[in-house]
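The values are calculated or read from the model by the stated rules, or taken from the named source; none is laboratory data. Here the structure is a predicted model, which means the values were calculated and not measured. For neighbour counting, all protein chains shown are included, and Cβ atoms are generated from backbone atoms with ideal geometry for every residue, glycine included. Please note that ligands, DNA and RNA were not included when accessible areas were found on the heavy atoms of the full protein model with its side chains. Shrake-Rupley method; radii C 1.70, N 1.55, O 1.52, S 1.80 Å.
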Amino acid sequence: MNFLLGNRRLAAGFLTDSGLTMVGSQTVLSMMSALAGVPALGAWRAAQSAMGPFGTVFQAVQPLAIRHASVSGAAKRMLGQLAAGSAFLAAMAALASHLLTTILSPLGKAVFSQAWGDVQAIIVPATVYLVGSWLTLVPVVFFRSTKRAGSLAALRGLSVSIQIIAAAVAFSLIDNFAQACQVIAGVQFLVAVVWWGVMYISVRHIGGDVAA
């Protein structure tokens, strides 16, 4: 309660960012179900579940990072640690997805049974999509710690719009589900690159007042 009261002025920014993130994620999943079919959605969620341990780590780190950013401002050292952690997490997820599609394929078949063929085909794009989401954590912490709620909301709104448009185009025009997943995964990763670019520009030209 003390935390909420002490940071009530940041509540709108937090809710806006979290709300838009949820809207984007659920809209993409709904489009996938409506345009590609429920079995396709099931394969996508199964592919993401294969990366579940890495997603669990990310979900555990995120609230701690956001709380630090809202209370005392994110130190440059902390942002560096988060960046290193995100890169390590992404590398491990990429390695796991590669192993699952090669030498660990029998394990995947044992877990997912007859659905493994559909799941295996989209494990890599599903992993890239998740990594793109994870890589936005450091910019989010930066914008929150420097109290640039407006920039964060605008960037999140733009990102969600791009995600939704990409999903609508991919699943409407591309018959091959795996290829459509590659498109939305690539867009998600490029969106993360834009987040880092905006953060870099903010630090260099706006003068991000991140604690030393």
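Where helices (runs of 4 or more DSSP H) sit wholly within the stretch 23-110, those with at least 3 residues that are at pLDDT below 75 occupy 52-72, 76-101. Checking every residue in the stretch 175-190 against the condition of being open to solvent by 70 Å² or more (accessible area, probe 1.4 Å), touching a residue at least 60 places away in the same chain (Cβ under 8 Å) and under 17 Å from the mean Cα position of the chain (by Cα) gives at least one match.
Taken over the stretch 79-104, the residue count meeting the criterion of being in contact (Cβ under 8 Å) with a residue 40 or more places away in the chain and over 15 Å from the mean Cα position of the chain (by Cα) is 4.
Restricting attention to the stretch 128-163 and to residues that are in contact with a Ser or Thr (Cβ under 9 Å, 6 or more places away or on another chain) and open to solvent by 40 Å² or more (accessible area, probe 1.4 Å), the residue that is nearest to A36 (Cα to Cα) turns out to be V128.
Of the residues making up the stretch 34-62, those that are small (G, A, S), open to solvent by 40 Å² or more (accessible area, probe 1.4 Å) and touching a Phe, Trp or Tyr at 6+ places or on another chain (Cβ under 7 Å) number 1.
Q188 meets each of the listed conditions (1) in a loop (DSSP other than H, G, I, E, B); (2) closer than 20 Å to G55 by Cα apart from (1).
Note on the stretch 197-212: residues that are modelled with pLDDT under 80 and open to solvent by 90 Å² or more (accessible area, probe 1.4 Å) amount to 5. Only a single criterion out of (1) small (G, A, S); (2) within 18 Å of A87 (Cβ to Cβ); (3) open to solvent by 60 Å² or more (accessible area, probe 1.4 Å) is not satisfied by S113, namely (2).
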